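The values are calculated or read from the model by the stated rules, or taken from the named source; none is laboratory data. Keep in mind it's a predicted model, so treat the numbers as computed, not measured. With ideal geometry, Cβ positions are generated from the backbone for all residues, glycine too; neighbour counts draw on all protein chains shown.
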Amino acid sequence: MGVPTRRIKRAPVHTKTTGTATAVATLTPAAAFKMLEIRFHLGSALAAAEKLTATQNATGTVYDTVLLSEDMGTLGTLDLVKTFDKDEGFFESTDSIVIALSANTGGDIWGCQTIHELV
């Protein structure tokens, strides 16, 4: 009879970035991971129709998938939190998550937090 193995629970990894550009963050753990949450905050409202997107950058562009697309400017949204349910948000070691603004014409300051855990 084999000895049962216990899965070691790892602490979530919090990655914080801030800036005024359109490229917000790229999360590349280089190991299989589960995305837990994306938190995004703007210091001031974007221009109308400026969007925040989070995209899975997978091996082979045919598998790249938009995970989140939110118009942050039209309604003056300053905060966005995207949580991933327990059965979603699993990615391979070769995947990365790219978070970007479609434009940031006013150079508005933003803060982004990604929270993930290795699996």
Complete set of residues in the range 58-112 that are of a type in the set (Lys, Arg) and not in a loop (DSSP other than H, G, I, E, B)
Lys82
Those residues that are within 29 Å of Asp108 (Cα to Cα) and either at pLDDT below 90 or touching a Cys at 6+ places or on another chain (Cβ under 6 Å) (or both), I need them from the range 6-31; list them, please.
Thr17, Ala23, Val24, Ala25
Subset of the range 70-87 [under 13 Å from Thr55 (Cα atoms) and within 11 Å of the chain's Cα centre (by Cα)]
Lys82
Condition first: in contact (Cβ under 8 Å) with a residue 12 or more places away in the chain, surrounded by fewer than 13 Cβ atoms within 10 Å (Cβ to Cβ), in a strand (DSSP E or B) and out of contact with any His (no Cβ under 6 Å at 6 or more places or on another chain). Can you find one or more residues in the range 25-44 that meet it?
no
